[in-house]
1. Given H204, H198, which one is surrounded by 15 or more Cβ atoms within 10 Å (Cβ to Cβ) and at pLDDT 95 or above?
2. I'm checking my understanding of the structure. Among residues of the stretch 161-177 that are open to solvent by less than 30 Å² (accessible area, probe 1.4 Å), under 15 Å from V134 (Cα atoms) and of a type outside the set (G, A, S), which one is modelled with the lowest pLDDT?
3. If we keep just the residues of the stretch 25-66 that are touching a helix residue (DSSP H, G or I) at 6+ places or on another chain (Cβ under 8 Å) and open to solvent by 20 Å² or more (accessible area, probe 1.4 Å), which is nearest to A215 (Cα to Cα)?
4. Does L142 satisfy the criteria of being part of a loop (DSSP other than H, G, I, E, B), in contact (Cβ under 8 Å) with a residue 24 or more places away in the chain and either of a type outside the set (S, T, N, Q) or open to solvent by 70 Å² or more (accessible area, probe 1.4 Å) (or both)?
5. What is the one condition in (1) among the hydroxyl-bearing types (S, T, Y); (2) out of contact with any strand residue (DSSP E or B) (no Cβ under 9 Å at 6 or more places or on another chain); (3) part of a helix (DSSP H, G or I) that Y190 does not satisfy?
Amino acid sequence: MRIESGIDGLDEILQGGLLPERVYLLSGPPGGGKTTFGVQFLAKGALQGDVGLYVTLLECPQNIINDMSNYSFNVIPLIKVKKLLFADLGPRMEYGYMDELKDIIQPHEGIEGVSNEHEAPSPATVFKELAAYVAEYNVKRLVIDSMTAIRFATHDPALQEKEMTRFIRNLKKLGCTTIIIGELTDPTAYTTEQFASHGVIFLHNFLYEKQMTRAIQIIKMRGTKHDCNMHKVQFTERGLQVEGLLQ
């Protein structure tokens, strides 16, 4: 069984979509469309009845909501019916947004390690908190933005790799189809996240023949026949759209 990604043109090069309940790494430089991809993925599931949760550790959720409302994702209506949720687990540890809509997600009590609002949360803290949300709201699609914030909460490089592996292994047990956003700019600079994830999707944004060009590349996708070539990507009012091969 496959689930639709919600990205126009992507499922055609993924044998019909993503395998459910797996963890996928979405990475690339700034401006590639990572946030749009994540919300578009969640909105697609929400329109089909699956609750989606966007966990942010860097950006203010309200900014993401405002930006994504420019697309035809129906973000605000989906928030109102609690099919699309946002949780801020960043250093300020704010929980619950859209107060004006009275769709507040309250923080879960009893989670250790959230007292210091100025420090980045540890991988264990983030996992406990999002696992509580997944259980309470029956979340089926999950986006975590971004792994960089979690990785650098640990200063010891050796411990970073161990914690990343442990974090992703635990994500696999949640029963969600999960996209973790990374900020890798070189797809050949391999990281623990790339090896541990079931699939790796890279969004390019680079100078090509004197024009800035966006493209998508499937680096890895277990259990799926796919090509590793770059396909052109365009931003439309419906979000990202995957087009033909980049020649």
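1. H198
2. So, considering only residues that are open to solvent by less than 30 Å² (accessible area, probe 1.4 Å), under 15 Å from V134 (Cα atoms) and of a type outside the set (G, A, S), the one modelled with the lowest pLDDT is L171.
3. T35
4. Here the answer is no, as L142 does not meet what is asked.
5. Every condition holds for Y190 apart from (3).
The values are calculated or read from the model by the stated rules, or taken from the named source; none is laboratory data. Being a predicted model, the structure only gives us computed values, none of them experimental. All Cβ positions, glycine included, derive from the backbone under ideal geometry; neighbour counts span all protein chains shown. Ligands, DNA and RNA are stripped out before the accessible areas are found, and what is left, the full protein with its side chains, is counted by its heavy atoms. Shrake-Rupley method; radii C 1.70, N 1.55, O 1.52, S 1.80 Å.
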